[in-house]
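Visitor: Dumping the structure here so I can ask a few things about it.
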Amino acid sequence: MTDSDVSAAWILKVIVSCALLLAVSSSSSFQCVDGNYTHDGRECCLCASGLYLERHCTTIPQDRQCEKCPSEQFSSHPNDQRSCDRCTSCAHPNDNLEEDEPCTPARDRKCRCIKDHYCTSNTGICRLCHPCERCGAEGIKVACTANDNTVCNEAREDNHTGTIVGIIVGLVGLAALTLLGAAVYLWKKRQRCQTLDLESIRNGNALEMQALRDVDLQPYLPDIADIIGWKDMQDVAMRSKIEIATIDSFKLNNPGDSQEQTLQLLRFWAENKGRESGKILIEILHNSGKKSKAEKVRDILSRGR
């Protein structure tokens, strides 16, 4: 074999080796750790969790450019999105929430109820917490939890009137009976007066509420919304059997603006209740312990009579 033959064989061997290396490299370049996607007919590797796509690939699947999610944004799955999702906020006014787990580039923030509050969400994601009920002298039967309100013991009424009266009658005798009769007479007289006064007040309130029934709520909605506030408006809507998802939609449509959220929900509620919406609103506020707000709404509507 001549020197030229040896040189030719060596060159051929080098060419074959290079071709094999190139084939192996090309084969491995198509292996994407987090999966791939198609862009302009070319397979590109997905960006990992916590990243977003800045630029598509041009030559090999791995040469796409990914960037880390900015502060208060996240991406929880491999993706080809051009931006990250905004982290959930636990600081909306009147929601009674606090942070349970912080937001990271690869995970959304988790919220929980503040102390002495609970959530009744059916979705597992709590967006509004309610104050736990406080029990009086009857005591707590089941304590308030993150998902359930407090359960109080049934109130007990102790009645020792018979025993007390028997002791008094036995000790005092006839003189006590005379005094008791006088006291009963005066008590009944006072009760009759109080009953008449109460009936007069109730009749007056009934007439006023009847007059308010036909007052159009629409011109006064902004003033009423300012008085009620988002938290109590939510309570009014829920007491009126409006879906929680519908209530939440007004909040999501007006992020960060509790005044506009309240106004839009109040407008929807008023249209739903019709001509008696003013009367119903006052009754719900009064029955839920918001007597001061009920009176303010009554004063506003009285102007339109």
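Visitor: Can you confirm whether the range 273-283 contains a residue that is within 14 Å of residue 234 (Cβ to Cβ) and of a type outside the set (Gly, Ala, Ser)? Let's see the steps before the verdict.
Guide: Restricting attention to the range 273-283, the residues satisfying the condition of being within 14 Å of residue 234 (Cβ to Cβ) are 281.
Filter once more, keeping what is of a type outside the set (Gly, Ala, Ser): 281.
Taking every residue of the range 273-283 in turn, at least one turns out to be within 14 Å of residue 234 (Cβ to Cβ) and of a type outside the set (Gly, Ala, Ser).
Visitor: For residues in the range 214-232 being in contact with a Ser or Thr (Cβ under 7 Å, 6 or more places away or on another chain) and modelled with pLDDT of 85 or more, which is surrounded by the fewest Cβ atoms within 10 Å (Cβ to Cβ)? Give the derivation first.
Guide: Pass one, the range 214-232, residues in contact with a Ser or Thr (Cβ under 7 Å, 6 or more places away or on another chain): 217, 225, 228-230.
Within this subset, residues satisfying the condition of being modelled with pLDDT of 85 or more are 228-230.
Values: 228: 24, 229: 17, 230: 26.
By that ranking, first place goes to 229.
Visitor: Residue 223 fails exactly one of the following numbered conditions: (1) in a helix (DSSP H, G or I); (2) touching a residue at least 12 places away in the same chain (Cβ under 8 Å); (3) under 22 Å from residue 96 (Cβ atoms). What is the number of that condition?
Guide: Every condition holds for residue 223 apart from (3).
Visitor: Take residue 49 and decide whether it is of a type outside the set (Phe, Trp, Tyr), in a loop (DSSP other than H, G, I, E, B) and over 30 Å from residue 257 (Cα atoms).
Guide: Details: of a type outside the set (Phe, Trp, Tyr): yes; in a loop (DSSP other than H, G, I, E, B): yes; over 30 Å from residue 257 (Cα atoms): yes.
Against the criterion (of a type outside the set (Phe, Trp, Tyr), in a loop (DSSP other than H, G, I, E, B) and over 30 Å from residue 257 (Cα atoms)), residue 49 qualifies.
Visitor: How many residues are in a helix (DSSP H, G or I), surrounded by fewer than 16 Cβ atoms within 10 Å (Cβ to Cβ) and either in contact with a Cys (Cβ under 8 Å, 6 or more places away or on another chain) or without any contact (Cβ under 8 Å) to a residue 24 or more places away in the chain (or both) if we restrict to the range 246-267?
Guide: 4
Visitor: While we're here: Outside any loop (DSSP other than H, G, I, E, B), of a type outside the set (Ser, Thr, Tyr) and either out of contact with any Phe, Trp or Tyr (no Cβ under 7 Å at 6 or more places or on another chain) or modelled with pLDDT of 95 or more (or both), is that true of residue 115? It would help to see each step written out before you state the result.
Guide: Values: outside any loop (DSSP other than H, G, I, E, B): no; of a type outside the set (Ser, Thr, Tyr): yes; either out of contact with any Phe, Trp or Tyr (no Cβ under 7 Å at 6 or more places or on another chain) or modelled with pLDDT of 95 or more (or both): yes.
Considered against the rule, which asks whether it is outside any loop (DSSP other than H, G, I, E, B), of a type outside the set (Ser, Thr, Tyr) and either out of contact with any Phe, Trp or Tyr (no Cβ under 7 Å at 6 or more places or on another chain) or modelled with pLDDT of 95 or more (or both), residue 115 comes out as no.
Visitor: Does residue 63 fit the bill of being of a type in the set (Asp, Glu) and in the same structural domain as residue 126 (by TED's automatic domain parsing)?
Guide: Values: of a type in the set (Asp, Glu): yes; in the same structural domain as residue 126 (by TED's automatic domain parsing): no.
Against the criterion (of a type in the set (Asp, Glu) and in the same structural domain as residue 126 (by TED's automatic domain parsing)), residue 63 does not qualify.
Visitor: Kindly evaluate residue 71 against the criterion of being within 30 Å of residue 253 (Cβ to Cβ), surrounded by fewer than 12 Cβ atoms within 10 Å (Cβ to Cβ) and not acidic (Asp, Glu).
Guide: Numbers: within 30 Å of residue 253 (Cβ to Cβ): yes; surrounded by fewer than 12 Cβ atoms within 10 Å (Cβ to Cβ): yes; not acidic (Asp, Glu): yes.
Considered against the rule, which asks whether it is within 30 Å of residue 253 (Cβ to Cβ), surrounded by fewer than 12 Cβ atoms within 10 Å (Cβ to Cβ) and not acidic (Asp, Glu), residue 71 comes out as yes.
Visitor: For the range 91-110, how many residues are among the hydrophobic types (A, V, I, L, M, F, W, C), buried (at least 19 other Cβ atoms within 10 Å of the Cβ) and at pLDDT below 90?
Guide: Of the range 91-110, the ones among the hydrophobic types (A, V, I, L, M, F, W, C) are 91, 97, 103, 106.
Checking which are buried (at least 19 other Cβ atoms within 10 Å of the Cβ) leaves us with 97, 103.
From what's left, at pLDDT below 90: none.
So the count comes out to 0.
Visitor: Every residue in the range 52-85 that is farther than 17 Å from residue 36 by Cβ and not in a loop (DSSP other than H, G, I, E, B), please.
Guide: 67, 68, 73, 74, 85, listed by residue number.
Visitor: Given the conditions (1) touching a residue at least 12 places away in the same chain (Cβ under 8 Å); (2) part of a loop (DSSP other than H, G, I, E, B), report the number of the one that residue 123 does not fulfil.
Guide: All conditions are met except number (1).
Visitor: Here is a check on your reading of the model: is residue 58 polar (S, T, N, Q), loosely packed, with under 13 Cβ neighbours inside 10 Å, modelled with pLDDT under 95 and not assigned by TED's automatic domain parsing to the domain that holds residue 239? Full working, then the answer.
Guide: On the way: polar (S, T, N, Q): yes; loosely packed, with under 13 Cβ neighbours inside 10 Å: yes; modelled with pLDDT under 95: yes; not assigned by TED's automatic domain parsing to the domain that holds residue 239: yes.
Answer is yes for this residue.
Visitor: So residue 146 passes all but one of these: (1) in contact (Cβ under 8 Å) with a residue 24 or more places away in the chain; (2) part of a strand (DSSP E or B). Which condition number does it fail?
Guide: Status for residue 146: all satisfied but (2).
The values are calculated or read from the model by the stated rules, or taken from the named source; none is laboratory data. Not measured: the values here are computed from a predicted model. Here the Cβ is made from the backbone with ideal geometry for all residues, glycine too, and neighbour counts use every protein chain on show.
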